[in-house]
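What follows is calculated from the coordinates using simple rules that are stated; it is not laboratory data. Here the structure is a predicted model, which means the values were calculated and not measured. We place every Cβ from the backbone using ideal geometry, glycine too, and count neighbours over all the protein chains shown.
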Amino acid sequence: MKNVPGKGNGLSSEFDFLRGPRSRFSEFIYLLKVVGQFIRGFRKLHFVGPCVTFFGSARFGEEHPYYKSTRALAAEVSKMGFTIMTGGGPGVMEAANRGARDAGGPSVGCNIVLPHEQKSNAYLDEVVTFRHFFVRKVLLLKYSYAFIVMPGGAGTLDELYETFTLIQTGKIKGFPIVLFGTDYWKGILEQMNLMREQGTISPEDMDIVFVTDDIREATDYIRRVLVRDFAPDAVRKNPKWYLWEK
């Protein structure tokens, strides 16, 4: 048992699940736990309002230029009437939630349990913590109308490409992706152009992402696409007392 990853952190079930088939009973119990996380997330986030999700690295400190840009950009997006949603942790996530707080707007986070605990940042009005990345990613996508991808690592790339794929395949429509940081994303854009040239993606797929270094350009793009099609106040819901939602 000493070699089981996550032992003592409540994460050994992930390791066991991904090792392969287990008993039917074990798989059923695991499924119930996953469903329970979805239900908890749905109830917690149902009334957060239309969101714009920020993805990015957890490793940038508050003096880093990308932290400062994220904070300023999130404040401007918040002023449009959108709730700022993040993964709830430090770095870019904290900066985005902090920007929402600066603007007096709502701020929510979908945190994740990790072997080395990732604490929720201090700028969240609502937070829900998940044990599974796939549950967390669904919730980060479900309530959002746009996605702003700041510089980040492998997790950020995973979130970017999953969101890109959902738009490319028509699972979600009309929701823009902003890549902030032209130098940082240069290699990714070159790879996308290579895929276009080789025919593995369509030419129009390149229009899914909007790349900029300018906060005003990013906010103008989001405003042009979203505020035109989605009035933030029009899609907010009211809790029902008879469903114990107040």
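Summary of values
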quantity: FRET E, pair R59, F15, Förster distance 22 Å, beta-carbon r, rounded to 0.05; calculated: 0.35
quantity: Listed candidates (i) 1.51; (ii) 1.05; (iii) 0.96 - label of the one calculated as Cα Rg over 2.2 N^0.38 Å; calculated: (ii)
quantity: Difference of contour (0.36 nm per residue) and Cα-Cα distance, Y30 to F134; calculated: 36.1 nm
quantity: Footprinting exposure proxy for H132, H64 (fewest neighbouring C-beta atoms within 10 Å first); calculated: H64, H132
quantity: Sorted by Cβ neighbour density within 10 Å, fewest at the top, the residues I148, I39; calculated: I39, I148
quantity: Electrostatic dipole magnitude of the stretch 47-229 [Cβ: Lys, Arg +1; Asp, Glu -1; Cα centre; debye, to 20]; calculated: 500 debye
quantity: Separation in nanometres of the label points that stand 7 Å from Cα toward Cβ, at D214 and D158; calculated: 3.5 nm
quantity: Packing-based exposure ordering (other Cβ within 10 Å, fewest first) of C110, C51; calculated: C51, C110
quantity: Extension reserve of the Y221-I188 stretch, reckoned as 0.36 nm per residue once the Cα distance is removed; calculated: 9.8 nm
